[in-house]
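The values are calculated or read from the model by the stated rules, or taken from the named source; none is laboratory data. Since the structure is predicted, the reported quantities are computational estimates derived from the model, not experimental observations. Here Cβ is always computed from backbone atoms with ideal geometry, including for glycine, and neighbour counts include all displayed protein chains.
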Amino acid sequence: MTRILVTNDDGIYSEGIRKLADALRPIGEVIIVAPDREQSAASHALTLNRPLRLLMIKENEWIVDGTPTDCVNLAVLKLLKDHRPDIVVSGINFGPNLGDDVTYSGTISAAFEGALLNIPSIAFSALVGEHFSFDPCAEFAAELTRMVLKQEPDPNIVLNVNFPTAAFEGVRITKLGKRVYSEGIIERLDPRGRKYYWIGGEPPTWHQAEGTDFDAIQHGYVSITPLHLDLTHHESIPRLKPLEESLAHVAKTR
Ligand code: MN
């Protein structure tokens with residue numbers, strides 16, 4: 001039987017993970033292993049400096065007092081180690097995970113952890129606004145998951161899916177967009193007169209560019225971006241090659 005691991009970074013009690021798990025149940029056995037509280041922007045953090053607890057709250061539903069990456073590790077390497085999941089599905093996140101923001105995302109990092117463990121993985125996130133509902137997103141997520149399982153998916157590739165707020169115009173296969181960085185640090189004084197800071201004031205804006213994830217959801221399309229973890233900038237290798245020679249003398253001082 002197909003085994004589906006469901007996780008997220010909004011925590012087990014978020015609506016997005018409930019709707020996603022419910023929609024996936026007709027496809028296979030759904031096991032939820034999710035953080036016990038919100039871990040948004042946890043990125044790819046792994047907890048190494050304190051013990052972790054894995055607690056069953058009902059059949060096939062577990063909470064972890066850690067990050068999304070902790071959840072995927074405990075699920076795959078402990079809980080489900082005798083029958084590993086066929087796919088890791090993360091989300092549906094409350095809020096989009098687009099462009100440059102993918103490196104902050106706990107939702108996407110959970111999917112990357114699935115990929116590192118050699119399991120095909122998909123991350124789902126939704127732009128939330130007026131008249132928003134998780135229902136059509138969950139329905140789409142189930143259909144895409146079904147299709148991915150039917151093909152022979154490449155476990156090195158993570159699909160990053162973002163939903164627009166309103167009715168879907170269609171689907172676009174996209175690349176990551178570029179965020180416009182604003183001076184988003186807010187400085188205030190606490191009641192004792194000491195400064196404190198709050199990161200990110202204004203909602204992000206994006207460079208307009210065709211073919212990007214941002215462009216797709218802005219025009220009402222579901223965006224699917226294939227991601228991989230190899231951050232190597234291959235084009236730079238020949239340009240940097242002369243450094244092997246010119247830095248050789250400092251590299252030989254040991
Ligand atoms: Mn989140």
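Structural remarks
- Selection within the range 13-31: residues that are in a loop (DSSP other than H, G, I, E, B) and out of contact with any Lys or Arg (no Cβ under 7 Å at 6 or more places or on another chain). The member of this set that is surrounded by the most Cβ atoms within 10 Å (Cβ to Cβ) is Ser14.
- Flag for Ala34 being of a type outside the set (D, E, K, R), outside any strand (DSSP E or B) and either under 19 Å from the mean Cα position of the chain (by Cα) or under 27 Å from Gly95 (Cβ atoms) (or both): no
- Matching residues, the range 34-59, being touching an Asp or Glu at 6+ places or on another chain (Cβ under 7 Å) and at pLDDT 95 or above: Pro35, Asp36, Leu52, Arg53
- Among the residues making up the range 159-193, those that are under 18 Å from the mean Cα position of the chain (by Cα) and either of a type in the set (S, T, N, Q) or in a strand (DSSP E or B) (or both) are Leu159, Asn160, Val161, Asn162, Phe163, Ile173, Thr174, Lys175, Arg179.
- Gly66 vs. criteria surrounded by 21 or more Cβ atoms within 10 Å (Cβ to Cβ), among the small types (Gly, Ala, Ser), in contact with a Phe, Trp or Tyr (Cβ under 7 Å, 6 or more places away or on another chain) and modelled with pLDDT of 95 or more: no
- Top-ranked residue in the range 85-116 [being more than 15 Å from Val6 (Cβ to Cβ) and outside any helix (DSSP H, G or I); ranked as farthest from the ligand (Cβ to nearest atom)]: Leu98
- Only one of Ala75, Ala34, Ala45 that is surrounded by 20 or more Cβ atoms within 10 Å (Cβ to Cβ) and within 16 Å of the ligand (Cβ to nearest atom): Ala34
- Wholly within the range 194-254, helices (runs of 4 or more DSSP H) carrying at least 3 residues that are modelled with pLDDT of 95 or more and either surrounded by 10 or more Cβ atoms within 10 Å (Cβ to Cβ) or β-branched (Val, Ile, Thr) (or both): 213-218
- Selection of first residues in the range 73-87 that are among the acidic types (Asp, Glu) and of second residues that are surrounded by fewer than 19 Cβ atoms within 10 Å (Cβ to Cβ) and modelled with pLDDT of 95 or more, restricted to Cβ pairs under 7 Å at least 6 apart or on distinct chains, gives the following pairs, ordered by first then second residue: Asp86/Thr2; Asp86/Arg3; Asp86/Leu149.
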